[in-house]
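Trainee: Supplied in structure tokens, the structure appears directly below.
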């Protein structure tokens, strides 16, 4: 049978998907045990026991200076920044994107501006943000918004502009005003696309979050990684990276699941 | 003039390309006008102008003796070949939409007793097109024929004075198409509709219509073919009872004798 026709069932694809991850883990364990045997104080590839020991303190023991459980405080601070940035971007994408896509005068006025902002590398604006908003939370959230909102706005606007002309005409022959058309025809059809845009934007959003935290912060997952880098503390960095991966993957799965639950009509004929 | 729709010297031009020229037409209430013609002859442009989707370059269009606004209004319903229904609404939601727009300007949604009344009206309309058993399906779950039935119900619930059909059955297979012909003929007589239908299918044009218009270029300039537009080259009135079943069009024209199926004498119109 040709490989293009080999469809893998659900159980088997879970099993197959686990294989490369397990192989990577095995390779890591073998290499780190090897290095540990030669040099028991090796810091580059710590053995799992060392990671558990290092993380134990961060997860369960209050920091002596601040009295906080650092791991959870880092996670909370980062997720708050990320959530705020994504929420603002999503709202902007929904409102501006729909208006740009549906109303030709708005598109003529603002689409050049949005495209112009979208092509600026956001990290280049980080100094401006720090100067304008200070080193606090605002600058970090603003970096995420500037980084992902233009992309999301353009994605939604393009999707709205691609709505069949027939639908827009039909809605008007059914008596819909511009407002009713936006509310009942454009908005509901933008929603599933918006969720996909959020899923795609989460990757870049994490990049901007970690960058902002690395440069100026006193708490956060990115801050911690860049702080302990000075001590070559791979036993903290690796679990933190794994934790970020877990958080990102969980959000992605939740978003996909909610899109399928909420917008059944958008996910094919066999729902 | 007692014509429902009247076009007087209508021209449609895009840049220096003339698509339609010198269109003079009077369409009486209750007629079923089929428009045929070769590809690119401006059939769809004419329909867009009637719909108000675009304004004619020259000329006037009167609907009930009032000039037509160059904007789609609920007095003209439309069914396109595709994309006529909203994929995010169920069958019932699609049909109720027109009532919601009229009755709830701000939210475009109805609640409580008004919603139940609107849904009852929509269900009645859906029963008329044969979709009673599929009220809660989404368009993606239905066949092409069912989607077109829905598009027709959705348009008719607004009781349009004029129903415009743009190749409504072009994408359907022949069996379903025959069912749809019977359906549209029945609805046309039950609801005393005035229908303008653009089609590629000449058989369909003659079996459904009470009048067949042919659009084509009457003049031709070989050096600048785009400078002459299409116009109505044949205007064939068919006499036919509204009650006949679709597909068995009977022409009662006196000269042709009885029982002549769809044989028409061709008169060149004074448009040329």
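Trainee: In nm, what is the difference between 0.36 nm times the number of residues separating residue A:264 and residue A:1 and their Cα-Cα distance?
Mentor: 91.3 nm
Trainee: So, one more: How many Å³ per residue does the convex hull of the Cα positions in segment A:127-258 occupy?
Mentor: Taking the convex hull of the Cα positions in segment A:127-258, it is 124 Å³ per residue.
Trainee: Given a Förster distance of 30 Å, report the FRET efficiency between residue A:158 and residue A:255 from their Cβ-Cβ distance, rounded to the nearest 0.05.
Mentor: The pair residue A:158/residue A:255 has a calculated efficiency of 0.90.
Trainee: Let me ask you something else. Would you list B:129, B:85 from fewest to most Cβ contacts within 10 Å?
Mentor: With the fewest neighbours first, B:129, B:85 line up as B:129, B:85.
Trainee: Tell me what the protein assembly as shown gives for mean residue ellipticity at 222 nm when only DSSP H runs of n ≥ 4 count, each as -39,500 (n - 2.57), the sum divided by the residue total, rounded to 500 deg cm²/dmol.
Mentor: Result for the protein assembly as shown, helices only: -17500 deg cm²/dmol.
Trainee: Moving to a separate point now. Find how much the distance from residue B:66 to residue B:220 grows on full extension, using 0.36 nm per residue of separation minus their present alpha carbon separation; answer in nm with one decimal.
Mentor: Fully extending the segment from residue B:66 to residue B:220 adds 52.0 nm.
Trainee: Rank the residues B:36, A:182 as a footprinting-exposure proxy: fewest other Cβ atoms within 10 Å of their Cβ go first.
Mentor: A:182, B:36
Trainee: Separate question: Please average, across the residues of B:80-86, the number of beta carbons from any other chain that are within 10 Å of each residue's own beta carbon, and give a whole number.
Mentor: Mean partner shielding for this stretch: 5.
Trainee: Output the peptides A:194-205, B:103-114 sorted from most to least packed, where packing is the average of other Cβ atoms within 10 Å over each peptide's residues.
Mentor: A:194-205, B:103-114
Trainee: Can you work out the PRE-style zone for residue A:24? Point 7 Å along Cα to Cβ, and I want the residues of segment A:241-267 with backbone N under 18 Å.
Mentor: Only A:241-253 pass the distance filter.
Trainee: Determine the shape class of chain A: with a ≥ b ≥ c the square roots of the Cα gyration tensor eigenvalues, call it rounded for a/c under 1.5, and otherwise prolate if a/b is greater than b/c, oblate otherwise.
Mentor: Oblate shape, in that a/c is at least 1.5 and b/c is the bigger or equal ratio.
Trainee: Suppose R0 equals 45 Å; then what is the FRET efficiency for residue B:57 and residue A:200 from their Cβ-Cβ distance, rounded to the nearest 0.05?
Mentor: Computed FRET efficiency for residue B:57 and residue A:200: 0.50.
Trainee: Per the Kirkwood treatment, what hydrodynamic radius in Å, one decimal, follows for segment B:1-159 from the mean inverse distance over all distinct Cα pairs?
Mentor: Across segment B:1-159, the inverse of the average 1/r is 17.6 Å.
Trainee: Let me ask something additional. Run through the DSSP bridge list for the protein assembly as shown and note the antiparallel percent, rounded to the nearest 5.
Mentor: So the antiparallel bridges in the protein assembly as shown amount to around 60 percent.
Trainee: When the Cα centres of segment A:31-77 and segment B:79-108 are compared, how far apart do they sit, in Å?
Mentor: Centre-to-centre distance over Cα atoms comes out at 59 Å.
Trainee: If you take the alpha carbon radius of gyration of the protein assembly as shown and divide it by 2.2 N^0.38 Å, what ratio comes out, to two decimals?
Mentor: For the protein assembly as shown, the normalised Cα radius of gyration is 1.35.
Trainee: Something else now. Does a label point 7 Å from the Cα of residue B:228, set along Cα-to-beta-carbon, have any residues of segment B:1-44 with amide nitrogen under 11 Å, and which are they?
Mentor: Answer for segment B:1-44: none.
Trainee: Continuing with this model, one more query. Kindly express, to the nearest 10 degrees and within the range 0 to 90, the angle between helix A:48-60's C-alpha long axis and the longest C-alpha principal axis of chain A.
Mentor: 70 degrees
Trainee: Could you tell me what percent of the DSSP beta bridges with both partners in chain B are antiparallel, to the nearest 5?
Mentor: 60 percent
Trainee: What order do you get for B:228, B:234 when you list them from fewest to most C-beta neighbours inside 10 Å?
Mentor: B:228, B:234
Trainee: Another one. To the nearest 10 degrees, how steep is helix B:174-190 against the longest Cα principal axis of chain B, on a 0 to 90 scale?
Mentor: 80 degrees
Trainee: Give me the percent relative contact order of chain A, please, defined on Cα pairs under 8 angstrom at least 6 residues apart.
Mentor: It comes to 23 percent, rounded to a whole number.
Trainee: Using a Förster distance of 45 Å, how high is the FRET efficiency between residue B:8 and residue B:179, based on the Cβ-Cβ distance and rounded to 0.05?
Mentor: Between residue B:8 and residue B:179 the formula returns 0.75.
Trainee: Between the helical axis of A:187-215 and the dominant principal axis of chain A, each derived from Cα atoms, what acute angle in degrees is found, rounded to the nearest 10?
Mentor: 30 degrees
No lab work stands behind these numbers, since they all come straight from the coordinates. Owing to the predicted nature of the structure, the values given are computational and were not obtained by experimental measurement. Don't worry about glycine lacking a Cβ; one is built from the backbone with ideal geometry, like all the others, and counts go over all protein chains shown.
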